[in-house]
1. Of the options 70, 91, 3, report the single residue whose Cα projects farthest towards the positive end of the charge dipole of the chain (beta-carbon charges: Lys, Arg +1; Asp, Glu -1).
2. Could you tell me the ratio Rg/Rh of the stretch 167-289? Both radii from Cα atoms, Rh via Kirkwood.
3. Rounded to the nearest 5, what is the percent of antiparallel bridges among the DSSP beta bridges in the stretch 2-147?
4. Put +1 on the Cβ of each Lys and Arg and -1 on the Cβ of each Asp and Glu in the stretch 167-289; which of 195, 257, 267 then has its Cα farthest toward the positive end of the dipole?
5. Would the stretch 2-147 count as rounded, prolate or oblate if I go by the C-alpha gyration tensor, calling it rounded below 1.5 in a/c and otherwise prolate when a/b exceeds b/c, oblate otherwise?
6. Please build a GNM for the chain, connecting alpha carbons under 10 Å apart, and tell me which residue among 99, 52, 81 fluctuates the most.
7. Using unit Cβ charges (K, R positive; D, E negative) and no other charged atoms, how large, in debye to the nearest 20, is the dipole of the stretch 180-291 about its Cα centre?
8. In whole percent, what relative contact order does the stretch 2-147 give with Cα contacts below 8 Å and a gap of six or more residues?
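Every read-out reported here was derived from the displayed coordinates using simple, explicitly stated rules and does not represent laboratory data. This structure is a prediction, so every number in the text was calculated from the model and none was measured. Quick reminder, even Gly has a Cβ in these numbers, built from the backbone with ideal geometry, and neighbours come from all protein chains shown.
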Amino acid sequence: MGFHHAVIAVRDLAGAIGLFREVVGLDARPGGRHGGRGTENAVIPFREGYIELLSIFDAQKEIAVSGLRGQVLADYLAGREGGLVGYCLATDEIFRRAEELRGANIVEVPEPLAVSRRTPAGQVLQWHVLLPEGVSWRRPWPFLIQADPANPDEHAGTPAPGHPLGATAVAGLSVVVKDLARSEALYGHFGLAPAGRDRVPELGADRLRFVHEGFGIDLLAPAGAGAVRAELDEAGEGVFQLSLRVKAMARAAAWLARSNVALLPAPGCPGGQLIPPDRAAGARLVLVNAS
């Protein structure tokens, strides 16, 4: 099981595609509409994993079809232009993982859900997703995905991603949680083991770290006033920040400077540089050197 993708919800998909391409320097590619639902997406691909830009084109339809999951997404976008809402880990044993999580009796775990999407080229992609509590958005845990082995290669023949920003991979992410102990137990049932604990005074948080197949997941719980407490109060538990590896920080800074975007120090991430969230569709994106 490894990182599959992270999701940035956006109110205006076309505008977000242009923003990430022209300002941020990430090659966002139109994806398509999700079959039978009211959402559509674009994808920022890397050699391993991707970032999904997710938008609602028909809120009534999405809520009618997806229930609470659609309502959570619609409510989130009603109050902001966009932001990080979730992340996904890949597995090839989704039904067994569902049984293990169900047996832990920490959260409600429904049966994996069959989902499809039609690409702009007319291909139909199919997969199963496992959504603890039936909701993938603004929750302190990942959702799981298992692709249909018969899926066509959507990107066959397309050039490998070459982002002007110089980004090469998603390095990790952080998640705001209320209770580190409860979250540690839950993440253990996803097959993840803690790699360390510390306090991050710059964020006013206690941190529990996981590293899986080179991908880092940090759980952050408030330890006083600070950005983590503010995030919890404003948006609740969920993904807080995404880290991207870049070939050279100077190159990334120079690209962003073209659009008068100045990088900021990233609290709690030595050497990391934060793109101002208002210039990244509301998402906190931290750049770290590939080395």
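1. 3
2. Details: Rg = 14.8 Å, Rh = 15.0 Å.
When Rh is taken as the Kirkwood radius, the ratio is 0.98.
3. On the way: 31 of 39 bridges.
Taking every DSSP beta bridge within the stretch 2-147, about 80 percent pair in antiparallel fashion.
4. 257
5. Working: a/c = 1.65, a/b = 1.42, b/c = 1.16.
It is prolate, given that a/c is not under 1.5 and a/b is the larger ratio.
6. Fluctuation is largest for 99.
7. On the way: 12 positive and 11 negative charges, 99 e Å.
Computed about the Cα centre, the dipole is about 480 debye.
8. Across the stretch 2-147, relative contact order equals 25 percent.
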